[in-house]
Every structure is written in C-alpha cells, then in structure tokens.
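Worksheet: the structure to be examined is printed underneath.
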Amino acid sequence: MPVSRDIVVVGAGIVGCAIAYEMARRGASVEVVDMRAAGMGATQAAAGILAPFIEAGEDSPLLDFAVRSLDLFDRLLPDVARDSGQPILYRRTGTLEVAADDRRMSRFALTARRLEQRGVRATLLDAAGVRGEEPYLSQGVVGGLLVPSQGFVSAPQLLSALAAAARRHGAQLVERGRVRRVRADGPGLVVETERGSLSGDRVVIAAGSWSGGIEVDGAEQPAPVRPVRGQLLHLEWVGAPLKRVTWSERCYLVPWDNGTLLVGATSEDAGFDERATAAGVHDLLQAACEIVPHGWTAGFAGARVGLRPASGDELPIIGPSRALPNLLYATGHYRSGILLAPLTAQLVADLVLENRADPLLAQTAPERFGLL
Ligand SMILES: Cc1cc2nc3c(=O)[nH]c(=O)nc-3n(C[C@H](O)[C@H](O)[C@H](O)COP(=O)(O)OP(=O)(O)OC[C@H]3O[C@@H](n4cnc5c(N)ncnc54)[C@H](O)[C@@H]3O)c2cc1C
C-alpha cells in the first residue's frame, strides 16, 4: 500500500523546500521526495543574489514577481531561522553594477531615472565615486550604478534552514529514487518512484531541470524545461572584503562574511552534464580579475556547477496542470529561483490550501505551453 500524505512535493531544491515549509506551517501534511539529498540540484550552486532590477530588467514580465518576492525576505528569513534554529547569511547591502565605457554609463543613467520613477533609490557614480565605494576596482572602471535595496542570501544555508524548518512543522523529506510518473487514483494521485509509490491529495512538481522527465498521465508533452549549466567559483579573498554584490558585463562577485568571494557564472548549453570545466574556471577568473585585479591573490576554494531550469519562454511555470486534476507545477525558475522561491511558495500554498489564485499566476500558467 502506498503511504498517503495530503501533499507530495517532487523535488527538494529551494522551490520544493520553500513550498513544503509554507504548506507545513499552515498545517498541511507534506512529504517531499527527491532522488538525492536536499538542495543538490541547481540550488547548491546558486550565488543567492537578490536583485530584481538587474535580473528581471525594466521590461520583463517577471519584474513585479521578483519585486514582491524580494519584499517577503525580510519577514520570512527570521521565521525560517527561528523554526530551524539555523543561521542564514542574508545581506541587503546593495548591488553595484560597474561600467567600462560611456555607452554602459548612458544605460545606467536611463536605468537610474526609471528606478527613481518607481520609487527605488539608485545612485550613479563616476570613476572616483565608484572607487570610493570599492577601492579594489580596476582603473578600467569608469563608473557605476548603486542600488542599495538589493542584496544576497547564502542559498545553501537558506535551503538547509527551510528543510529543517519544514521538518519542524511535520513535513517529511525523503530520498526515494527518481520519480517516474504521476497518475490519477480515484480522487487523489499516485507518485511512482524507482522505490515504490506514494499517494497524495495533491502533488507539486518542483523538480527543476529534470521536471520534463516525469511522465504525467493525460499530458500531451513533458514540462518544457531545459537545463542551462552555470559554473560558479568560490575564492578565498585576501584583505578587506568587497562591500556588496558587484557586477560587470562578464561576471558578478558576491562577498560572503567568512571571506569567501563567489564569482559567477557561466551560461552553457551542456545537457545534463554537471561537471565544472577548465574553460569555465579560466573564463570566470579572467572576468573577475578584469574588474578586481587583486582577485589574482585569492585562494581557490572550488567550483560549483548547477543546471538552471529554463522554460520555453524563460518564465517560471507555476500553477495547476490542465491534464491531471490536483497536480501543480512549480518549476522553470531559471536564473532566479532563490529570489523567486518565497513568493512561489506563497502563491502555491494560497492556491492549494485556500483556493486563492493570485493574478500573477496568469503569467506563469502551465497551459501556455499546451496540455501539461
Ligand atoms: C551558477 C548558478 C548561479 C545562480 N545564481 C542565482 C542567484 O544569484 N539568484 C537566484 O535567484 N538564482 C540563482 N540561480 C538559479 C537558481 O539556482 C535556480 O533557479 C534554483 O535553484 C532552482 O530551484 P529548484 O528547486 O527549482 O531546482 P533544483 O535546485 O535543481 O532542485 C530540483 C530538485 O528536484 C530533484 N529531482 C529532479 N527530478 C526528480 C525526479 N524525477 N525524482 C525525484 N527528484 C527529482 C533534484 O534532485 C533536485 O534536488 C543560479 C543558478 C546557478 C546554476
């Protein structure tokens, strides 16, 4: 007999764990199944940057989603830290985009004006101003754009705390082999894994880049999600740390409190290959040291690799399946799954537990790709 839980979440990445925590703390009975340990998909590689105005851009349909999700962090993280008893590195110390030429500075001026119109503080800095902020910047940097409200979180710490906090509210997280299929069984659903079956009233597919590998009864096609490989370096910085997330056109730098500097990230079409490559490490080191030459003195702590889940239109797929009643998708978060996880969890929990559909779900509906 399959074990019955109210809600089965497939995938214990940041999206699945955030959903499990949100549902469990609202009183639902939740089981999260994964084919490996929690957080070992794209989430373990993420830089954790929380920058809606860079990632989503002015004209992106994702901007409102990203801004609303960022707003949730200040309230959510203290709850997760308390419920898990674990620390979470979270800093809203701002982001600094740097320019190597006047063309990019003109773009920053336009962005700064648009942000001010939205009520978001943004400061344009000239060459002296930008080096006043970050003395390590190279002479090639001619200016920058500082947005103080953005920041970063440690994705591995957030994942670990969400998983522990979800457990504390009664959720079960189990490694159970690969989920192969979801099918109807009376009014509920059955999740078939390599190691037996589970049943639930509702199932949420939050399997990141692998979502399309799960067979869904009645669906015309698999979830249209492809892996986009990202490599990220961890360096041991020597000297005073950078103050905030710094971006050039070729890379970004994230200074953790423990002296680690993250350097990201490549963007590659490499199928499901999760290996770091010599070319990736080389290109990232060069890009980083182009803006902070002092980086050549850093120790090399390692490279991480993750597969970003990109949907056909690069927007998330969140909402109910039309093919299989009681099945939902929460996948395709591509470059921004850490940033978007809190709002994704809230929207899915509202829908499943309170039958409330936020208007934002119109943009993320699975049915835009057909009968899923
Ligand atoms: C280098 C890099 C840097 C990034 N930087 C940022 C950033 O700064 N900010 C940001 O917001 N986002 C960033 N991202 C994106 C972010 O990491 C992803 O959007 C996010 O982790 C996706 O989370 P997820 O839970 O959907 O997927 P994943 O973390 O991949 O989790 C999916 C889980 O599902 C499991 N699974 C899959 N298929 C099955 C199956 N059939 N059966 C059982 N289990 C299954 C997997 O084992 C995995 O644990 C970055 C990504 C990379 C690679």
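Taking the Cα centre of the range 226-294 as the origin, how large is its charge dipole in debye, to the nearest 20, when only Lys and Arg (+1) and Asp and Glu (-1) carry charge on their Cβ atoms?
160
Give me the angle, in degrees from 0 to 90, between the Cα long axis of helix 155-168 and the longest principal axis of the Cα atoms of the chain, rounded to the nearest 10.
Approximately 30 degrees, to the nearest ten.
Taking the Cα atoms only, what angle lies between the long axis of helix 14-25 and the longest principal axis of the chain, rounded to 10 degrees?
Its long axis makes an angle of about 60 degrees.
Relative contact order for the chain: what is it in percent, counting Cα pairs under 8 Å that are at least 6 residues apart? Can you show the working numbers first?
Numbers: 878 pairs, mean separation 88.6, N = 372.
In percent, rounded to a whole number, it is 24.
At what distance in nm do the modelled label points of residue 368 and residue 116 sit from each other, each positioned 7 Å from its Cα along Cα→Cβ?
The modelled label-to-label distance comes out at 3.3 nm.
Measuring from centroid to centroid over Cα atoms, what is the spacing of the range 249-326 and the range 46-99 in Å?
17
Could you tell me, in Å, what Rg and Dmax come out for the Cα atoms of the chain?
20.9, 69
Considering every pair of different Cα atoms, what Kirkwood radius, in Å, is found for the range 54-118?
Values: mean 1/r = 0.0690 Å⁻¹.
Hydrodynamic radius (Kirkwood, Cα pairs) of the range 54-118 is 14.5 Å.
Grab the Cα-Cα distance for residue 107 and residue 82, subtract it from 0.36 nm times how many residues apart they are, and report the gain in nm with one decimal.
4.8 nm
Dipole of the range 241-372 (Lys/Arg Cβ +1, Asp/Glu Cβ -1, origin at the Cα centre): which of 330, 307, 242 lies farthest to the positive side?
242
What distance in nm separates the two pseudo spin-label positions at residue 273 and residue 93, each 7 Å out from Cα along the beta-carbon direction?
Between residue 273 and residue 93, the simple spin-label model gives 3.6 nm.
Give the span of the range 23-75's Cα atoms along each principal axis, as three whole-Å numbers ordered largest to smallest.
Each principal axis gives a Cα extent; for the range 23-75 these are 38, 28, 21 Å.
Taking the Cβ of residue 84 as the centre, find all other residues whose Cβ is under 10 Å away and add up their charges (Lys, Arg: +1; Asp, Glu: -1).
After counting each charged neighbour, the total is +1.
Give me the percent of DSSP beta bridges within the chain that run antiparallel, rounded to the nearest 5.
Percentage antiparallel, nearest 5: 70.
Taking K and R as +1 and D and E as -1, what net charge do the other residues with C-beta under 13 Å from the C-beta of residue 237 add up to?
-2
Against the longest alpha carbon principal axis of the chain, how many degrees, from 0 to 90 and to the nearest 10, is the axis of helix 278-291 turned?
Long axis of 278-291 versus the principal axis of the chain: about 40 degrees.
What translational diffusion coefficient, in µm²/s and rounded to a whole number, does the Stokes-Einstein relation yield for the range 145-208 at 25 °C and a viscosity of 0.890 mPa s, taking the hydrodynamic radius as the Kirkwood radius over Cα pairs?
166
A short reminder: the numbers here are calculations on the coordinates, not readings from a lab. Source: prediction; values computed, not measured. Positions of Cβ are generated from backbone atoms using ideal geometry, with glycine treated the same way; all protein chains shown enter the neighbour counts.
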